[in-house]
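Working notes for the structure below.
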Amino acid sequence: LDTVNQIDLVPTLSLLCGLPIPWSNLGVVIPEFLPGGLASRLDALRMNVHQVRQYLEGVGAAGEPGFTATELGDFWTRLDSLEKSNSKPSVELYLEYHRLMNDLLKHCQHAWARFDERRMKRGLALG
C-alpha cells in the first residue's frame, strides 16, 4: 500500500470502530486495513457501495443534475446484477464491486466539476 486518499479513511475507520459509514461520505474502504479475509472485506465493500447508493439517490431526489434515476440507472443495474449473482466471495467479485465503486466516484467527479463559464463571468463582474 503506497498511498491512501484521506477520503477513504472515514469509511474504513467507521467500520473498524463498528460504526456505520457516514451517509454523505464518498470514500472507498481500504481493504488492507480491515481484519479478516476476502469474505469480510467483500462485505465491507458491499456496505460501502450501498451507503454511496443511498447518498446518490438522495442527491438525485433533490434534483441535482447528473444524479437522476436515469443517469444513475446503469450503475444500479450493475449493482443489482452483482447482488443477484449469489456468487461465493472471490477476488473477481470483489474487483467487480471495486470497479463499480470507482466508476460511481468518477461519475460524481465529472458531474460536480462542471462549470458554467457565463455565470462565473457574471459573478466576477458583480463582485
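The values are calculated or read from the model by the stated rules, or taken from the named source; none is laboratory data. Because the structure is a prediction, the values reported are computed rather than measured. Here Cβ is always computed from backbone atoms with ideal geometry, including for glycine, and neighbour counts include all displayed protein chains. Accessible surface is based on the protein model in full, side chains and every heavy atom, while ligands, DNA and RNA are left aside. Shrake-Rupley method; radii C 1.70, N 1.55, O 1.52, S 1.80 Å.
What the table below lists for this structure:
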| read-out | value |
| --- | --- |
| D116 over 21 Å from G63 (Cβ atoms), surrounded by fewer than 12 Cβ atoms within 10 Å (Cβ to Cβ) and of a type in the set (D, E) | no |
| Hits in segment 58-75 - residues which are among the acidic types (D, E) and within 26 Å of S87 (Cα to Cα) | D74 |
| Hey, F115 of a type in the set (F, W, Y) and not in a helix (DSSP H, G or I) or not | yes |
| Qualifying positions in segment 39-79 - open to solvent by 60 Å² or more (accessible area, probe 1.4 Å), of a type in the set (A, V, I, L, M, F, W, C) and under 19 Å from P11 (Cα atoms) | M47 |
| Of residues in segment 9-35 being touching a residue at least 24 places away in the same chain (Cβ under 8 Å) and touching an Asp or Glu at 6+ places or on another chain (Cβ under 6 Å), the one surrounded by the fewest Cβ atoms within 10 Å (Cβ to Cβ) | I30 |
| Total residues in segment 80-106, condition closer than 25 Å to P65 by Cα and open to solvent by less than 40 Å² (accessible area, probe 1.4 Å) | 5 |
